[in-house]
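Just so it is clear, none of the values below were taken in a lab; they were calculated from the coordinates. Just so you know, these numbers come straight off a predicted model, no measurement behind them. Backbone-built Cβ (ideal geometry, glycine too); neighbour counts: all protein chains shown.
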Amino acid sequence: MPRTGSCLCRAVEFELADASSAGVLCYCSNCRKTTSDRSYNIATTRDAVTVTKGAPAVYHDTTTKSALPMARYFCSSCGSPLWSDPESQPSARYVKVGALDDAADVRVVAEVFVDHALAHGPMFGQKHFDSNRNAV
């Protein structure tokens, strides 16, 4: 069964034919700039993604750690990152887990550029709150 996804404002919607639940975290400085402290992705192929509504914008990142460009797709209305196509992997596409409508089963199976990760580490022992601001 294909997965569906979209940007925050739903101007761009897509289907992901790959039902993989294998997540990849990337800590490179460019992914941190576009998403926060890491990028959470599903590695798939370019032909596995079909845009069903709208048209994503693209930024051609020429400052990657591989020294080969990365096409970073996003919504031009709300700015949500959608997926990335690295030139270093011609058939690969990295779909942002946050853009998926249902990602409850996605689990991290690999982490890349861990030497670029921020030093804060996991937040164990800190205060945690649910969506209603209740301490948990």
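What to note about this one:
- Residues of segment 82-98 with amide N under 20 Å of a point placed 7 Å along Cα→Cβ from Ser36: 82-84, 94-98
- Using the Cβ-Cβ distance between Leu8 and Ala104 with R0 set to 30 Å, the FRET efficiency from 1/(1 + (r/R0)^6) comes to roughly 0.95.
- Extreme residue, positive dipole direction of the chain, given options Ala55, Pro69, Ser80 (C-beta unit charges): Ser80
- Residue order, fewest to most surrounding Cβ atoms within 10 angstrom, among Lys96, Lys33: Lys33, Lys96
- Each Cα pair under 8 Å and six or more residues apart adds its sequence gap; the mean of these over the residue count of the chain is a relative contact order of 28 percent.
- Shape box of the chain [Cα atoms, principal axes, largest first, Å]: 42, 33, 28
- Residue-count net charge about Val49 - beta-carbon cut-off 15 Å; Lys, Arg +1, Asp, Glu -1: 0
- Extended-chain gain in nm, criterion 0.36 nm per residue less alpha-carbon gap, Ser29 and His60: 9.6 nm
- A simple spin-label model places the labels of Ser21 and Ser91 2.6 nm from each other, with each point 7 Å out along Cα-to-Cβ.
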